[in-house]
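Notes for the one structure printed next.
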Amino acid sequence: MAVFAAPEAEAGFVNLPILRAALREKRVLSIAYARADGQTSTRRIRPLQLQYWGRVWICSAWCEVRQDFRMFRADRIQAINQTGETFTDEPGKTLSDCIRINACEGL
């Protein structure tokens, strides 16, 4: 499903099925992520929400590497793997917490 025909949105479509399934099933994912400056890092994330922001899909998540909320553009996820692990909601790491501290609002 697409909202607008933007190349960035289209580039992220490949990752959306895995992200959506991980959201529904509360699965931890391992991703290789390219930052805006081109550097790549590996992250373990707990996906909390998918949002469409104009031209890109964003996955708001708890990042186990940074121990904080982060937003990941779907089109910048270079590799995505299921870890086989699931997570349960923990205080301070939920979507409600992310929204409460404004970490999941916008780019």
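The values are calculated or read from the model by the stated rules, or taken from the named source; none is laboratory data. Since we're looking at a predicted model, the values are computed, not measured. Counting neighbours? That spans all protein chains shown, and the Cβs are built from the backbone with ideal geometry, glycine included. Heavy atoms of the whole protein, side chains included, go into the accessibility calculation; ligands, DNA and RNA do not. Shrake-Rupley method; radii C 1.70, N 1.55, O 1.52, S 1.80 Å.
Within region 74-107, work out how many residues are among the basic types (Lys, Arg), modelled with pLDDT under 95 and under 13 Å from the mean Cα position of the chain (by Cα).
Residues flagged as among the basic types (Lys, Arg), modelled with pLDDT under 95 and under 13 Å from the mean Cα position of the chain (by Cα) within region 74-107 amount to 0.
Quick one: what pairs do we get from region 6-31, first residue farther than 16 Å from residue 49 by Cα, second assigned to a helix (DSSP H, G or I), C-beta under 7 Å, 6+ apart or different chains?
Between residues of region 6-31 that are farther than 16 Å from residue 49 by Cα and residues that are assigned to a helix (DSSP H, G or I), the close pairs are 8/75; 11/75.
Which of the residues belonging to region 87-107 are in a helix (DSSP H, G or I) and open to solvent by less than 70 Å² (accessible area, probe 1.4 Å)?
95, 97, 98, listed by residue number.
Go through region 11-28 and give me each residue that's open to solvent by 20 Å² or more (accessible area, probe 1.4 Å) and either on the phi > 0 side of the Ramachandran plot or outside any helix (DSSP H, G or I) (or both).
26, 27
Consider only pairs whose beta carbons are under 6 Å apart and that are at least six residues apart or on different chains; among these, list those whose first residue lies in region 32-58 and is open to solvent by less than 70 Å² (accessible area, probe 1.4 Å) and whose second residue is among the aromatic types (Phe, Trp, Tyr) and assigned to a strand (DSSP E or B).
33/72; 41/33; 43/33; 46/62
Quick check, is residue 84 surrounded by fewer than 12 Cβ atoms within 10 Å (Cβ to Cβ), part of a strand (DSSP E or B) and of a type outside the set (D, E, K, R)?
So residue 84 fits the description; yes.
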